[in-house]
Amino acid sequence: MKIITVESLTRLIARHGYDKFLLDLMHGLKKDFGRWEVFTQMPRPAMHVPGGVLELMPVCDNEKYYSFKYVNCHPKNTLSGNLTVVATGQLVDVATGYPLMFCEMTILTALRTAAMSALATDMMSRKESKTLAIIGTGAQAEFQLSAISLVRKIKEVRFFDLDGKAMDKFEENVKNKSLNLRRCASAEEAVNGADIITVCTAKKARVAVVKDKWIQKGVHINALGGDTIGKTELERSTLFRSRIAVEYFAQAYIEGEIQRFSKKEALQNVTCEFFEIINGLKKGRESKDEITLFDSVGIALEDYSALRLTYELSRKYNIGENFKMVPELSDPKDLISLLL
Ligand SMILES: NC(=O)c1ccc[n+]([C@@H]2O[C@H](COP(=O)([O-])OP(=O)(O)OC[C@H]3O[C@@H](n4cnc5c(N)ncnc54)[C@H](O)[C@@H]3O)[C@@H](O)[C@H]2O)c1
């Protein structure tokens, strides 16, 4: 079984190229969303504990691979020097049920979440969009900027976080990009006049991080932080004004911004699941004045695409270590022989 540690993954990405990894991941995601019907999926089971949530995310293509990810969200972790979101995942051979790879997925989650935002931005935002607002400059923020910059010619980035140190960190990490960087004093200042807004804050509560009255016509919003029960970032009124795409309705209705809707309101106001846009069944945007909203919660299929790409590249570059995690026996019925 191949083990991909944090060190192996960073080496793999350095070897392949960061932007190329994001582009290949976007390509893989597009391909996998395009064959939506082949997958066995389920809304992720979530266990809510004091201070956070623990989630398991399984999916199966019924042909080649099954995968699952374990992920958490503990918004107060950073106060004690820990990440808010950490994850690990596994890729399994469908034919035998044998595990193929165990992988770090904290970085991989940030990459696949950014690649999904970029795909949604590409299909839903106005082509001429050039100003990006990022609200919440924690662990996900730079990844979002990198991926969105691959699909739109971003000239200006306005950013805001309640934590000044998180803003310093973001500024330092992106200062070499040829961008007009605008450090804002409020979320209102950041979103005023922006073409694209990515909201990625962390608080287990219903917070109006971006107020409805600040949201102008024609804007595209990637809303990432509303991703579990009782955790949202937008006002209900914004949802009624927006053309909404969700990844997977059954999960988004439990966890996304659309949890604020009644079932009837959700069925009336959610335009589509994202695969419908990919497959040309629905449009991402119909007019330049429309407000479009990608209500992202993160689904297992996205982790499957990320794990498959990582597995393929780990074989290509011979990166990662092999450990015997499953017994090898001359007689598969003689398991006890290993202990005798
Ligand atoms: N949709 C997905 O697929 C997906 C994937 C990964 C993470 N997420 C979510 O994205 C969010 C961000 O994750 P992260 O790893 O960057 O967390 P993080 O803790 O590293 O960063 C979050 C930042 O938000 C800031 N913040 C909190 N409330 C704010 C507010 N009202 N206004 C401005 N800033 C505020 C915090 O100060 C912090 O710097 C989390 O809620 C996480 O659950 C979603």
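The values are calculated or read from the model by the stated rules, or taken from the named source; none is laboratory data. Worth saying up front: this structure is predicted, and the values here are computed from it rather than measured. Methodologically, a virtual Cβ is constructed for each residue, glycine included, from the backbone with ideal geometry; neighbour enumeration extends over all protein chains shown.
Table for the structure above
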quantity: Residues located in segment 128-166, provided they are in contact (Cβ under 8 Å) with a residue 24 or more places away in the chain, assigned to a loop (DSSP other than H, G, I, E, B) and either farther than 16 Å from residue 184 by Cα or more than 15 Å from the ligand (Cβ to nearest atom) (or both); calculated: 128, 129, 130, 139, 140, 150, 151, 152, 154, 155
quantity: Pairs with Cβ under 7 Å, 6+ apart, first in segment 51-79 and assigned to a loop (DSSP other than H, G, I, E, B), second among the small types (Gly, Ala, Ser); calculated: 74/51; 74/52; 75/202; 76/51
quantity: Number of the condition not met by residue 233 [criteria: (1) more than 9 Å from the ligand (Cβ to nearest atom); (2) part of a strand (DSSP E or B); (3) not aliphatic (A, V, I, L, M)]; calculated: (1)
quantity: Filtered residues of segment 219-228 (kept if in contact with a Lys or Arg (Cβ under 9 Å, 6 or more places away or on another chain), in a loop (DSSP other than H, G, I, E, B) and within 15 Å of the ligand (Cβ to nearest atom)); calculated: 225, 226
quantity: Scan of segment 284-310 for residues that are in a helix (DSSP H, G or I) and within 16 Å of the ligand (Cβ to nearest atom), ordered by number; calculated: 300, 301, 302, 303, 304, 305, 306, 307
quantity: Test: residue in segment 256-278 that is under 27 Å from residue 146 (Cβ atoms) and near the ligand (Cβ under 10 Å from one of its atoms); calculated: yes
quantity: Yes/no for residue 230 being within 23 Å of the chain's Cα centre (by Cα) and farther than 28 Å from residue 25 by Cβ; calculated: yes
quantity: Exclusive hit being more than 11 Å from the ligand (Cβ to nearest atom), more than 22 Å from residue 138 (Cβ to Cβ) and surrounded by 23 or more Cβ atoms within 10 Å (Cβ to Cβ), set 239, 281; calculated: 239
quantity: Pair list, Cβ < 6 Å and 6+ apart or interchain, from segment 205-233 residues that are hydroxyl-bearing (Ser, Thr, Tyr) to residues that are away from the ligand (no atom under 11 Å from the Cβ); calculated: 232/206
quantity: Check on residue 13, crowded, with 17+ Cβ neighbours inside 10 Å, away from the ligand (no atom under 15 Å from the Cβ) and either modelled with pLDDT under 95 or of a type in the set (A, V, I, L, M) (or both); calculated: yes
